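The structure under discussion appears below in the form of structure tokens.
The values are calculated or read from the model by the stated rules, or taken from the named source; none is laboratory data. From a predicted model like this one, the values you see are computed outputs, not experimental measurements. With ideal geometry, Cβ positions are generated from the backbone for all residues, glycine too; neighbour counts draw on all protein chains shown.
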Amino acid sequence: MSALAQHQQVAAGCGAPDQAAPLPASVDLTKETVITGVVNVDGAAVSGAYVRLLDSSGEFTAEVVTSPEGVFRFFAAPGTWTLRALARAGEGSTEVTATNGQNDVVVNLAD
């Protein structure tokens, strides 16, 4: 196997979890905080956008890439978070005060 083929095989197995997949049955939403949402531009979902989770002081905490449907998900602690999205179509951010359970958010991109 060539070095390129080995690299492609490894890269194919290193993808992020499916952001649009249902939550695992082991997730107890009475005890856990999940921030989930979609990135939009002009009302259309944006796939492949980078979404960053920043804490209340603006510090970077995590980053995911949106699914083909523009969906993202973070597991976080309760509190105030900023979601910052960046894609070829633009960038945008929104703030959410998350509590235990599923917290749904929309991040709209500006050109």
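Residues to consider are ALA85, ALA76, ALA110, ALA98; find the one that is buried (at least 16 other Cβ atoms within 10 Å of the Cβ) and modelled with pLDDT under 95. Break it down stepwise before answering.
On the way: ALA85 fails: modelled with pLDDT under 95; ALA110 fails: buried (at least 16 other Cβ atoms within 10 Å of the Cβ); ALA98 fails: modelled with pLDDT under 95.
Sole residue among the options that is buried (at least 16 other Cβ atoms within 10 Å of the Cβ) and modelled with pLDDT under 95: ALA76.
Identify all residues within the stretch 94-106 that are over 12 Å from the mean Cα position of the chain (by Cα), outside any loop (DSSP other than H, G, I, E, B) and not aliphatic (A, V, I, L, M); write none if there are none. Talk me through it step by step, then tell me what you get.
Residues of the stretch 94-106 over 12 Å from the mean Cα position of the chain (by Cα): 94-103.
Pick out the ones that are also outside any loop (DSSP other than H, G, I, E, B) and you get 94-98, 101-103.
Scanning the stretch 94-106 gives THR94, GLU95, THR97, GLY101, GLN102, ASN103.
Identify the single condition in (1) under 13 Å from ILE35 (Cβ atoms); (2) in contact (Cβ under 8 Å) with a residue 24 or more places away in the chain that GLY70 does not satisfy, given that it satisfies every other one.
All conditions pass for GLY70, except number (1).
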